[in-house]
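Just below is one structure, and these are the notes that go with it.
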Amino acid sequence: MNNAGTNRAYEYYRRNSNNANSFKRENVRIKQIGDYFNTFSTIDNNYLLDLVTTTTPSYLLEIEKGNYEKFKKMIEEKEKQEKTAFLKTLSIFKTFSYDSLFNFSECVEYRTIPCGQTILNFNQPLDEFYIIKRGKCNVYRRLFLERDGQVKTAKIYVGQFGPGDYFGERGIIEYHGFLHIKNIEIIDQFFSNPIADKDPILSELCVVAVKDKCEPSIYDTELDQQEINYTNKSNANDSTTPDFLKQTISIEEKKFQQKKIREEKTIELAVIALNKARLKFQNTIEYSKFEKLSQDELYCKYLESSEEKNWNKLKEHLNNGRLKEILNDPTITVSKLDEMKGKERWKI
């Protein structure tokens, strides 16, 4: 097994054990530290790993076959401990014991989502439960308006989810289970058509990942940044620092900056399959604040949004008129002046 760094790409070639001239080329994308390839349990017996080519600078940890199971167990234990610590920070898991969450942590999957990607859409069948670990998401609801005898749908922005918030709970709360299989068999004897499974629960939300530079994770700390600042300051004042150590410090600082840049462009989610989530906390979870909004409340937000848009248009019109008088330029507008980095003291 080979363990690699974050966001690395690799190409590796396998040679046919029966035909030395036959190769199979495969690509693998390492998404996070701890991801691996060429596992002993899944390796193709007909092909032997012959060559690995890294497409970006990487750190590799090679594990011998004899130590693979021991190392694998150690990594899994560490991941479960980290996930358990994260779950303990969430309000919905406050009443659960550490041992209970430790066993449940294997059901949690971390996902990194690029900003701008839609995570959940309207009418999408709910089969997963989402918790935001890092970053923010814009949340939208549908408003049904009746105009000219027809019902039209408007997409309304209702707010943001941040670290610690969850969504997808509708699939847990509104789930009432399926009929027991024995009961289904008995009832089916009295019907010409067999009874189908329960209709899926559909999402009432649209959730989109957004860029947020200043939002910290509820689990990460600022110790890394403090350590880097302290180290840089100490070594800047120390003229006796060896050149090789200065180079190491520079590499660590660069890695930290690259990590921050990646985090600014992505958010991180903890995802749990709904069937696992229902068994764990179906009786304790509540609707999120945006799921509770009624159509009347959505209509009020719609009116507020319309008034704000009209006011912004009026402000722009007035500011454009004042600009033309002040600068004696009939073509000048607010947007043009902003592009010219003009002063804003004249604005309303």
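The values are calculated or read from the model by the stated rules, or taken from the named source; none is laboratory data. All values reported here derive from a predicted model rather than from experimental measurement. Every residue, glycine as well, gets a Cβ built from its backbone with ideal geometry; the counts of neighbours run over all protein chains shown.
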Open item on the list: Quick check on this structure: which one of Ser192, Ser97 is hydroxyl-bearing (Ser, Thr, Tyr) and modelled with pLDDT of 90 or more?
Closed with: Ser97
Open item on the list: Being of a type in the set (Asp, Glu), under 11 Å from Gly168 (Cβ atoms) and assigned to a strand (DSSP E or B) is the filter here; which residues of the stretch 100-137 pass it?
Closed with: Glu128
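Conditions tested, residue by residue: (1) touching a residue at least 40 places away in the same chain (Cβ under 8 Å); (2) among the basic types (Lys, Arg); (3) crowded, with 18+ Cβ neighbours inside 10 Å.
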site	(1), (2), (3)
Glu64	no, no, no
Asn67	no, no, no
Arg141	yes, yes, yes
Arg147	no, yes, no
Task: Which listed residue, of Thr95, Thr112, is assigned by TED's automatic domain parsing to the domain that holds Cys137 and surrounded by 18 or more Cβ atoms within 10 Å (Cβ to Cβ) - done: Thr112
TODO: Test each condition in (1) at positive phi; (2) touching a Gly at 6+ places or on another chain (Cβ under 7 Å) for Gly159 and report the one that comes out false.
DONE: (2)
